[in-house]
């Protein structure tokens, strides 16, 4: 069984994306306990996300997520255990926490660019610039956030959104492929 938090990220990184992060605004100001929790989350994501996040992106994401949610809420939602480590089972995402997860992720990873670069790397006929432009139009950050939240909260429309996003991605790839 996949780990709950990593499984949620996997939905967004379906095609094993690997990227350069977007410009993150400010470095979060974390206390000692928050830094420990963020370091644990970062380590888990950089080690167990199949290379989908760089160490820098994992750090950025973890710091932002911990700052936005707070250690108390992370523990209450069972996303971290009493030692401040990422909980492997039983994590409960609500809309608020999932939205903050998505915001932290999208604040550190240029999702559309990452997808385009990775797909173009795997298929030399794909024009990464055209693909990125299509993804930005068809799957803007607001859509990707909705996809993350639906997946993490296991909402009724989660499966539909995953199917829809796969179709959008496939359509964009077709448009960006040289004939």
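The values are calculated or read from the model by the stated rules, or taken from the named source; none is laboratory data. These numbers were taken from a predicted model, which means no experiment stands behind them. Using ideal geometry, Cβ is built from the backbone for each residue, glycine included, and neighbour counts are taken over all protein chains shown.
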Examine the stretch 16-39 for a residue that is in a helix (DSSP H, G or I), modelled with pLDDT of 90 or more and touching a strand residue (DSSP E or B) at 6+ places or on another chain (Cβ under 7 Å), and state whether such a residue exists.
-> yes
Filtering the stretch 73-132 down to residues that are in contact with a helix residue (DSSP H, G or I) (Cβ under 6 Å, 6 or more places away or on another chain), farther than 22 Å from residue 56 by Cα and in contact (Cβ under 8 Å) with a residue 60 or more places away in the chain, which residue is surrounded by the fewest Cβ atoms within 10 Å (Cβ to Cβ)?
-> 91
Residues within the stretch 120-145 that are closer than 14 Å to residue 174 by Cβ and within 17 Å of the chain's Cα centre (by Cα), tallied | 1
Of all residues in the stretch 40-53 being at pLDDT 75 or above and surrounded by 17 or more Cβ atoms within 10 Å (Cβ to Cβ), which is farthest from the chain's Cα centre (by Cα)?
-> 40
